[in-house]
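Quick notes on the structure that follows.
The values are calculated or read from the model by the stated rules, or taken from the named source; none is laboratory data. All of these numbers come straight from a predicted model, not from anything done at the bench. Just the protein is used for accessible areas: all its heavy atoms, side chains included, with ligands, DNA and RNA removed. Shrake-Rupley method; radii C 1.70, N 1.55, O 1.52, S 1.80 Å.
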Amino acid sequence: MATEKKKSMIVRDNLIKRVKNRLYLELIRIIQWPRVKFYRLLSTATVIDNGAKILQPVFFSGKGTITLGRCTLGTFPSPLFFSGYMHIEAREFESTISIEDGVFINNNVCMIAERSSIHIEKDTLIGPEVSIFDSDFHGLEPHLRNAGLHKSKPVHIGTNVFIGSRATILKGVQIGSNSVVSAVSVVVKDIPQNTIVSGGQPYAERALTGRQEAKNK
């Protein structure tokens with residue numbers, strides 16, 4: 001009899017916890033909803049939304065096209081969820097940004113495709129305050145710095161990539177599937193698949209092959 005009573009109490013306690021958690025998350029959604037809608041109202045880019053879950057405000061900027069798969073933008077609890085926003089910009093008419101299904105992007109990420117494209121394949125994880133740019137935005141030569149003659153190069157991030165907090169991915173970079181970019185890294189050259197990179201320039205690389213083989217055994 002005592003055992004049955006104990007089981008009943010456990011079931012009741014679990015139910016109460018689930019209800020409280022649901023109410024808590026609903027309260028968070030209600031608080032954040034006006035900010036999400038406000039930033040969407042301010043947005044200027046063409047957005048093709050195929051089922052994205054937008055939890056943090058996102059400013060979709062520019063004249064180009066942004067395509068969202070069934071991805072997640074923003075997360076709670078995580079820093080800057082309430083105070084910040086995400087900036088995704090396809091600056092010119094020919095600019096495109098594509099984020100595939102299963103991509104998870106943490107808070108305050110900034111992506112700008114100025115004159116080409118940024119493409120993120122499925123199941124990639126991107127940490128908070130990551131920056132991804134397809135351009136230098138200004139010429140390097142002093143006399144051409146504001147001439148607008150700089151070039152953009154597409155950025156392509158493969159499947160199941162993990163990019164750590166505050167990393168920066170610069171123009172023309174191709175990141176292979178399953179690779180890892182550590183926090184605060186600055187990436188200016190291509191990364192092969194199944195590779196870990198860390199640091200600035202020059203940065204260290206090491207293969208993930210051994211870990212993958214061990215996992216498959």
**Complete:** Counting only protein heavy atoms and leaving out ligands, DNA and RNA, the solvent-accessible surface of TYR85 at a 1.4 Å probe, in Å² to the nearest 10, equals 90
**Asked** For the cross-link pairs LYS37/LYS189; LYS37/LYS151; LYS53/LYS171; LYS7/LYS53; LYS17/LYS37; LYS6/LYS53, which exceed 32 Å when the distance is taken from alpha carbon to alpha carbon?
**Response** LYS37/LYS189; LYS37/LYS151; LYS7/LYS53; LYS6/LYS53
**Item:** In Å², nearest 10: area of ASP101 left accessible to a 1.4 Å probe
**Value:** 60
**Fill in**
Its Cα gyration tensor gives region 1-56 an equivalent ellipsoid whose semi-axes in whole Å, largest first, are 43, 12, 4
**Item:** Nearest-10 value in Å² for the accessible area of GLU92, using the 1.4 Å probe
**Value:** 50
**region 70-125: C-alpha pair distances exceeding 13 Å, %** = 62
**Message:** So if I take the centroid of the Cα atoms in region 153-178 and the same for region 29-94, what is the distance between those two points in Å?
**Reply:** 20
**Asked** Using a 1.4 angstrom probe with every protein chain in place, what is the largest-first accessible-area order of PHE76, PHE162?
**Response** PHE162, PHE76
**Message:** What value in Å³ per residue do you get for the convex hull of the alpha-carbon atoms in region 83-174?
**Reply:** 101
**C-alpha long axis of helix 2-42 to longest principal axis of the chain, angle in °** = 30
**Item:** Beta bridge orientation in region 19-96: antiparallel %, DSSP, nearest 5
**Value:** 0
**Prompt:** Going by a ≥ b ≥ c, the root eigenvalues of the Cα gyration tensor, does the chain fall in the rounded group (a/c under 1.5), the prolate group (a/b larger than b/c) or the oblate group?
**Reply:** oblate
**Asked** When the scattering of region 1-110 is computed by the Debye formula from its Cα atoms alone, each counted once and equally, what is log10 I(q)/I(0) at q = 0.16, 0.23, 0.24 Å⁻¹?
**Response** -0.74, -1.24, -1.30
**Message:** Is the C-alpha gyration tensor of region 29-78 telling us rounded, prolate or oblate? Criteria: a/c under 1.5 is rounded; beyond that, a/b larger than b/c is prolate, otherwise oblate.
**Reply:** oblate
**Request:** Determine the per residue accessible area of the chain with all protein chains present and a 1.4 angstrom probe, expressed in square angstrom.
**Result:** 57
